[in-house]
Amino acid sequence: MSNEALFTYTLRLADDLLILSHRLGEWCGHGPVLEEDIALTNRALDHIGEARNLLTYAGEVEGKGRTEDDLAFLRNERQFLNTKLVEQPNGDYAHTIVRSFLFDAYHLPLAEALLKSSDAQLAAIAGKAVKEAQYHLRHSNDWLIRFGDGTEESHQRAQIALDNLWTFTGDLFTQDEVHQAMVKAGVAPDLTKIKATFDATVDKVLSEATLKRPVDGFMASGGRQGKHGEQLGFILAEMQYLQRAYPGATW
Amino acid sequence: MSDTTKREALFQAKVDSEQKIEPKDWMPEKYRKNLIRQISQHAHSEVVGMLPEGNWISRAPSLKRKAILLAKVQDEAGHGLYLYSAAETLGTSREQTIDDLLSGKAKYSSIFNYPTLTWADIGAVGWLVDGAAIMNQVMLCRTSYGPYARAMVRICKEESFHQRQGYEIMAVLAKGSPEQKEMAQDALNRWWWPSLMMFGPTDANSPHSAESMKWKIKRQSNDELRQTFIDRTVQQAEVIGLTIPDPDLKWNEATQHYDWGAIDWAEFNSVVAGNGPCNKERLAARNKAHNDGAWVREAAMAYAAKKAERKAA
């Protein structure tokens, strides 16, 4: 196993959480009800906390002295390795909840599997993440059920969000050479197993929500290789602005 | 003595002997109204105050700063929640209170009608705006109305953390590059006078003050609190090498306080009247969040009703 593969894999894990946290942070002060403002900010905080642990570790694995901030603020669009799902705009609250639900249904079994990773640091980080991920999934699945089985409008909005975002779940489960090397080394789980748990969660929640599971059509990919949608550039332009405008400054 | 006069005398005796007034106790209608006005204004200020600070979450300059700012703005939402609940104990509903904000009928602290233009503004807001708010809030931990006093105890703990993190942002900038120091000084220049205005009109011109003092809702006057704030903050600015933008500011040996220049009350009145730099944006943002969220709240209610129905069946 090369350090380069472990570095890439750790960045993939970190970038999902960093970008999703950024998106959720955009809601702060604009939520549909004060309690949800607090809940979304909580999630944003959990995600950024896990991202920081992973980025710090990625910097150590790389061994070039890069810090969490160097990796977050000084990489460009093609160097970010998050899945396309998490960079999708917030849209209405149904889109935000569905985006989180799809991510949570993947993130929880992933974190559980990483508890058994041969990489002690990734296993330790997952140890903290599992508890948070359970709460996240409960939050998003409760809201999805409320929407699906709430009013006609909420049902419709949830179904539209699901149909729009479904394609991006493809990106969550692609396994390239880097991933296969990680599986072989016992660092990462085989994603077909994670996908089975994901499918079971999705089917159970959608059935309770009276929503239809979209048919797999064209499924998005490329995020893990740094081939993103146009949205990511704007996220980074905003997120990295001060570090780029004042190189080397301490904040 | 009429019944009402007797009750009022008993009420005042209770307040004078430092017993807390609780929701089910008898209270003069004007005391109730005064408190509803004050607590809901306070709640609205917490919630509207999330906007200028939330404005920098996506651009915070490090992951640590971003996490701290998220946590801070989340605290403000929590304060809004406790305070709306405290107002509800006086017989108003959260819905009505929020409607009054959205229609422009209720006020919130005018300070949040100023924009956060640079990252240093996040430091200045924590240091000065939260710092000024704490002066009021520490006093309110001993206010005569029990639920308000108890909410304030927790709020004060969190606000004092907010104030320190704001000051720390300013200290780091002031020690940084010349550009960063300039950014910090510029933020202090813009936020200083509006922060002093946060204590409200001078005692001579404060319409609600006399009654609030008699009922121990307030325990110190606007001018006293303002002076304490100035005395403390001038020294904090000196420590980090920033200059308070007031040419008349100087230590007075005789009073053991700082003398300071004149507040531009015309500006204060104009912002309160709705003509600040961001009044319209702030209310528009709150209205948009409320309107966009209507279907979400309806869905939650509809689902809860269905669930209850199924349980009963």
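Quick one: net charge around A:SER2, please, counting Lys, Arg +1 and Asp, Glu -1 for every other residue with C-beta under 12 Å from its C-beta. Surrounding charge for A:SER2 is -2.
The ellipsoid equivalent to the alpha-carbon distribution of segment B:1-155 has semi-axes of 35, 16, 12 angstrom, derived from the gyration tensor eigenvalues as √(5λ) and listed largest first.
Given a 1.4 Å probe and the protein chains as shown, B:HIS208 ends up with an accessible area of around 80 Å². In terms of its Cα atoms, segment B:240-296 spans 62, 29, 19 Å along the principal axes, sorted from long to short. Calculated on the Cα set of the protein assembly as shown, radius of gyration then Dmax: 26.4, 91 Å.
In chain B, one over the average inverse separation of all distinct C-alpha pairs is 21.2 Å, which is the Kirkwood hydrodynamic radius.
Distance from the alpha carbon centroid of segment A:149-183 to that of segment B:43-75 works out to 29 angstrom.
The Cα atoms of segment A:77-143 give a gyration tensor whose axes a ≥ b ≥ c have a/c of 1.5 or more with a/b no greater than b/c, which makes the shape oblate.
Placing +1 on the Cβ of every Lys and Arg and -1 on the Cβ of every Asp and Glu, with nothing else charged, gives chain A a dipole about its Cα centre of roughly 460 debye. Diffusion coefficient (Stokes-Einstein, Kirkwood radius over C-alpha pairs, 25 °C, 0.890 mPa s) for segment A:103-225: 158 µm²/s, rounded to a whole number. Among the trypsin sites (Lys or Arg not before Pro) in segment A:8-87, those located in a DSSP loop and surrounded by at most 12 other Cβ atoms within 10 Å of their own Cβ are A:LYS64. Using only Cα coordinates, the Kirkwood hydrodynamic radius of segment B:90-172 works out to 14.5 Å. Structure note, pairs B:LYS66/B:LYS181; B:LYS288/B:LYS311; B:LYS105/B:LYS218; B:LYS107/B:LYS175; A:LYS64/B:LYS66; B:LYS105/B:LYS157: Cα-Cα distances above 26 angstrom occur for B:LYS288/B:LYS311; B:LYS107/B:LYS175; B:LYS105/B:LYS157. Please label the shape of segment B:67-109 as rounded, prolate or oblate, based on the square roots a ≥ b ≥ c of the eigenvalues of the alpha-carbon gyration tensor (a/c under 1.5 means rounded; beyond that, a/b larger than b/c means prolate, else oblate). Judged from the Cα gyration tensor, segment B:67-109 comes out oblate (a/c at least 1.5, b/c at or above a/b). Give me the Debye-computed log₁₀ of I(q)/I(0) at q = 0.11 Å⁻¹ for segment B:94-253, equal point scatterers on Cα only, no solvent, two decimals. The calculated log intensity ratios at q = 0.11 Å⁻¹ are -0.50. Quick one: helix A:34-62 against the long Cα principal axis of chain A, what's the angle to the nearest 10°, folded into 0 to 90? Tilt of helix A:34-62: around 30 degrees.
Given Cα positions, please report Rg to Rh for chain A, the hydrodynamic radius being the Kirkwood one. Across chain A, the Cα-based Rg/Rh ratio is 0.96. Surface listing: B:TYR303, A:TYR9 arranged by accessible area from highest to lowest gives B:TYR303, A:TYR9, probe 1.4 Å. Counting charges near B:MET197 (Lys, Arg +1; Asp, Glu -1) among other residues having Cβ under 12 Å from its Cβ returns a value of -1.
Across B:ALA254, B:ALA262, B:ALA132, mean-square fluctuation computed from a Gaussian network of chain B (C-alpha pairs under 10 Å connected) peaks at B:ALA254.
Proximity of backbone amide H atoms, modeled 1.01 Å from N, is registered between B:HIS257 and B:ASN252 at under 5 Å, excluding neighbours fewer than 5 places apart on the same chain. Tell me which lysines have Cα within less than 17 Å of A:LYS128's Cα, excluding those fewer than 8 residues away on the same chain? Once the sequence-local lysines are set aside, what remains near A:LYS128 is A:LYS116.
Across every direction, the projection of the convex hull enclosing the Cα atoms of segment A:22-62 has a mean area of 2.8 nm². Convex hull of alpha carbon positions in segment A:46-103: directionally averaged projected area 4.7 nm².
Using only alpha carbons, segment A:1-148 has a radius of gyration to Kirkwood radius ratio (Rg to Rh) of 0.98. In order along segment B:168-182, phi translates into HN-Hα couplings of 5, 4, 5, 5, 5, 5, 5, 8, x, 5, x, 5, 5, 5, 5 Hz, rounded to whole numbers, per the Karplus curve 6.51 cos²θ - 1.76 cosθ + 1.60 with θ = phi - 60° and x for Gly and Pro.
The values are calculated or read from the model by the stated rules, or taken from the named source; none is laboratory data. It should be emphasised that the depicted structure is a prediction, and the values quoted were computed from it without experimental measurement. Because the Cβ atoms are built from the backbone with ideal geometry, glycine has one as well, and the counts that use them run over all protein chains shown. Keep in mind that these areas ignore ligands, DNA and RNA; they rest on the heavy atoms of the full protein, side chains included. Shrake-Rupley method; radii C 1.70, N 1.55, O 1.52, S 1.80 Å.
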